[in-house]
1. Do the conditions hold for Leu171, that is, is it in the same structural domain as Met128 (by TED's automatic domain parsing), within 11 Å of the ligand (Cβ to nearest atom) and among the hydrophobic types (A, V, I, L, M, F, W, C)?
2. Of the conditions (1) more than 13 Å from the ligand (Cβ to nearest atom); (2) polar (S, T, N, Q); (3) in a loop (DSSP other than H, G, I, E, B), Ser164 clears all except one; give me its number.
3. Looking at segment 87-94, is at least one residue closer than 21 Å to Thr179 by Cβ, modelled with pLDDT of 95 or more and of a type outside the set (Lys, Arg)?
4. Condition first: at pLDDT 95 or above, out of contact with any Pro (no Cβ under 9 Å at 6 or more places or on another chain), within 10 Å of the ligand (Cβ to nearest atom) and assigned to a loop (DSSP other than H, G, I, E, B). Can you find one or more residues in segment 107-116 that meet it?
5. Given the options Glu191, Glu223, Glu241, Glu200, name the one that is in contact (Cβ under 8 Å) with a residue 60 or more places away in the chain and surrounded by fewer than 19 Cβ atoms within 10 Å (Cβ to Cβ).
6. Among the listed residues Val138, Val181, identify the single one that is in contact (Cβ under 8 Å) with a residue 60 or more places away in the chain and either within 13 Å of the ligand (Cβ to nearest atom) or outside any strand (DSSP E or B) (or both).
Amino acid sequence: MAVLRWAIGAILVSFLLLWGLLPSEILQMKTGEPSVAHAQEDSTEPKRVYTNDDWPFNRRRSATSASETETAKETESPSSARTRRAERLAPFVATPMQVVEKMLEVAQVTSSDVVYDLGSGDGRIVIMAAEKYGAKAVGVELDRLLVEESTAKIRERNLGGLVSIIQGDLLQTDIRPATVVAVYLLPGANEKLRPKLEKELRPGTRVIVHDIRIPRWRSSQDEAVQVGGGTHFIYLYKIPEAFQR
Ligand SMILES: C[S@@+](CC[C@H](N)C(=O)[O-])C[C@H]1O[C@@H](n2cnc3c(N)ncnc32)[C@H](O)[C@@H]1O
C-alpha cells in the first residue's frame, strides 16, 4: 500500500514538473488563453505606439531591403547608373531648324566628320548632320523620353548606321572621337563643360554653339540668324594645338 502511494506521488510530482517545463505558447494553446501578442491587441489599455525599431522583423526587413538596394545598384544598367547622379545642365529647348542648318553649315560638316551634340534633345542636330551631310553623329542626352523620341526618329529614317544616341550625362561621356561638337546649354553649364572640351577634344575639332558662348574662349566666327522676329546667335570655335594658360 505504501509502495502504491509512493508510486502515485512520484507520478504526480513528475507530471507537475513536466507541466512547469512546457513552453508558454503550448500551454496557452492548451488552455485556450490568448497569446501575449493577441492579449495586447485585445486589451482595453491604451495601445503603445510602436516604431519600426521596436519590431525585430522590421529590423530584419530593413536590413534585407538595404541589401536589395545594393543588389539593385549592382544590376542597374550602366546608362541608368550614369544618369542617376547627373546634373541637369539645361532644360529642353529645341534649336529652330533654320539655326540647326546654319550651325552645321558654319561648322562645314562633311561626310568625314563625327558630330557630337551634347544634350541632344529630340535629335534634330545629329539627324540633320547625317541626313544632309552623311556625317556620323552621336547625341548624348540625359532625358529618357527624349532618348526614346530621338531613337525612334533615327529608326524611322533608317539612319541607324550613322546616328546613335547615348543616354547619359554629357559630363561623363567620352567625346574624344568627335570632330565637330554642338552645344546649346546654360551659361554655367558651358563653364563646367569647358575643361572637358579642352582636355578631350583634338586640335582642329570645331565646337559650334547656339546662343551661349564658351567662357574664356575666342570664337573664330559669329553668326546671327533671324527666326520669327527673334535673333539667334551662333559661335564657332576651333580647338587650338594648345590652350593659352
Ligand atoms: C537647350 S536643350 C538643346 C537640345 C538640342 N541640342 C538642340 O539644340 O535642339 C539642352 C538639352 O540638354 C539635355 N541635358 C541637360 N543636362 C544634361 C546632362 N547632364 N547630360 C546630358 N544631357 C543633358 C536636356 O535634357 C536638353 O535636352
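1. Numbers: in the same structural domain as Met128 (by TED's automatic domain parsing): yes; within 11 Å of the ligand (Cβ to nearest atom): yes; among the hydrophobic types (A, V, I, L, M, F, W, C): yes.
Taking the combined requirement at face value, the residue satisfies it.
2. Among (1) more than 13 Å from the ligand (Cβ to nearest atom); (2) polar (S, T, N, Q); (3) in a loop (DSSP other than H, G, I, E, B), the lone unmet condition for Ser164 is (3).
3. No, that holds for no residue.
4. no
5. When all the criteria are applied, what remains is Glu223.
6. Every option except Val181 fails the conditions.
The values are calculated or read from the model by the stated rules, or taken from the named source; none is laboratory data. Just so we're clear, the structure is a prediction, and the values are computed from it rather than from any experiment. So basically every Cβ, Gly included, is an ideal-geometry build from the backbone, and we count neighbours across all protein chains shown.
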